[in-house]
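Have a look at the structure below before the remarks.
The values are calculated or read from the model by the stated rules, or taken from the named source; none is laboratory data. All values derive from a computational prediction rather than experimental measurement. No Cβ is skipped: glycine too gets one built from the backbone with ideal geometry, and neighbour counts run over all protein chains shown.
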Amino acid sequence: MVAASVALTALGALAAWEVYGVASHRTQVLVMSRDVPIGQQLQAQDFRTVAMGMDPGVQWVNAKDKSAVIGKRAAVDLRANGLLAPTQVTDGIVPAPGEVVVPLALKASQVPARGVRAGDRVVAAVVLPDDVKAPVDHMGRVDRVGQPDADGLLVVDLVVPAADGAALARQAAVGKVAIVLQSRAG
């Protein structure tokens with residue numbers, strides 16, 4: 001009994017030591033010091049460094065990499081006190097000069113069953129009346145995909161050339177657009 005008690009006590013002490021080691025390990029990470037809107041260029045005063053115990057499943061930017069983040073642009077709206085993740089910064093701005101973002105509110109039947117995701121190359125095919133024979137297609141890239149609303153409509157933000165934007169927006173407003181997914185193979 002004494003040997004079993006000593007062994008259990010030693011095992012408990014070892015477990016406590018491991019838990020303490022994991023809990024006390026802190027990593028210096030970047031946290032937003034103020035709100036930064038999407039597209040704005042990041043500056044040194046936009047961040048602060050905090051020491052946190054980080055779970056391996058959480059994405060974060062190490063404080064040592066701060067200089068690599070400065071000058072990039074916010075890929076999403078960044079909120080004060082939020083942990084900065086690598087996917088939240090980008091080199092480019094959307095839309096780029098000569099491009100526009102057109103929101104398409106689509107029914108399930110207007111989107112491929114597999115769905116679309118940010119970065120997908122697509123064709124916004126316009127459904128025309130029977131008396132119009134020339135097809136109208138708009139090549140674009142998916143910027144964002146929202147969640148279906150109460151009516152089941154899915155909003156897809158599509159980046160298209162600026163010259164196509166107004167026409168596509170008018171056609172989308174009357175529900176005359178369907179998305180054709182191009183190959184994701186490159």
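The table below gives the values:
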item: The lone exception for ALA124 - which of (1) in a loop (DSSP other than H, G, I, E, B); (2) small (Gly, Ala, Ser); (3) in contact with a His (Cβ under 8 Å, 6 or more places away or on another chain) it fails; result: (1)
item: Test result for LEU154, surrounded by 14 or more Cβ atoms within 10 Å (Cβ to Cβ), closer than 27 Å to PRO37 by Cα, in contact (Cβ under 8 Å) with a residue 24 or more places away in the chain and within 17 Å of the chain's Cα centre (by Cα); result: yes
item: Checklist (1) without any contact (Cβ under 8 Å) to a residue 24 or more places away in the chain; (2) more than 21 Å from ALA75 (Cβ to Cβ) applied to ARG141, failing item; result: (2)
item: Sole residue being closer than 30 Å to ARG48 by Cβ and basic (Lys, Arg), chosen from ARG141, ARG117, ARG170, ARG79; result: ARG79
item: Among (1) of a type in the set (Ser, Thr, Tyr); (2) surrounded by fewer than 13 Cβ atoms within 10 Å (Cβ to Cβ); (3) in contact with an Asp or Glu (Cβ under 9 Å, 6 or more places away or on another chain), the one test that SER109 misses; result: (3)
item: So GLY146, is it under 18 Å from ALA113 (Cα atoms) and not charged (D, E, K, R); result: yes
item: Of residues in the stretch 132-151 being among the β-branched types (Val, Ile, Thr) and at pLDDT 90 or above, the one surrounded by the most Cβ atoms within 10 Å (Cβ to Cβ); result: VAL142
item: Residues (part of a loop (DSSP other than H, G, I, E, B) and either without any contact (Cβ under 8 Å) to a residue 12 or more places away in the chain or loosely packed, with under 14 Cβ neighbours inside 10 Å (or both)) located in the stretch 31-70; result: ARG34, PRO37, GLN43, GLY53, ASP55, PRO56, GLY57, VAL58, GLN59
item: Number of the exception - GLN182 against (1) over 24 Å from the mean Cα position of the chain (by Cα); (2) over 14 Å from LEU104 (Cβ atoms); (3) not acidic (Asp, Glu); result: (1)
item: Condition met for VAL100 (over 18 Å from the mean Cα position of the chain (by Cα), touching a residue at least 60 places away in the same chain (Cβ under 8 Å) and closer than 13 Å to VAL180 by Cα); result: no
item: Residue match in the stretch 95-106 (condition: surrounded by 13 or more Cβ atoms within 10 Å (Cβ to Cβ) and outside any strand (DSSP E or B)); result: yes
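Residue-wise test of (1) touching a helix residue (DSSP H, G or I) at 6+ places or on another chain (Cβ under 6 Å); (2) acidic (Asp, Glu); (3) on the phi < 0 side of the Ramachandran plot; (4) modelled with pLDDT of 85 or more.
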| site | (1), (2), (3), (4) |
| --- | --- |
| TRP17 | no, no, yes, no |
| THR27 | no, no, yes, yes |
| VAL36 | yes, no, yes, yes |
| ASP46 | no, yes, yes, yes |
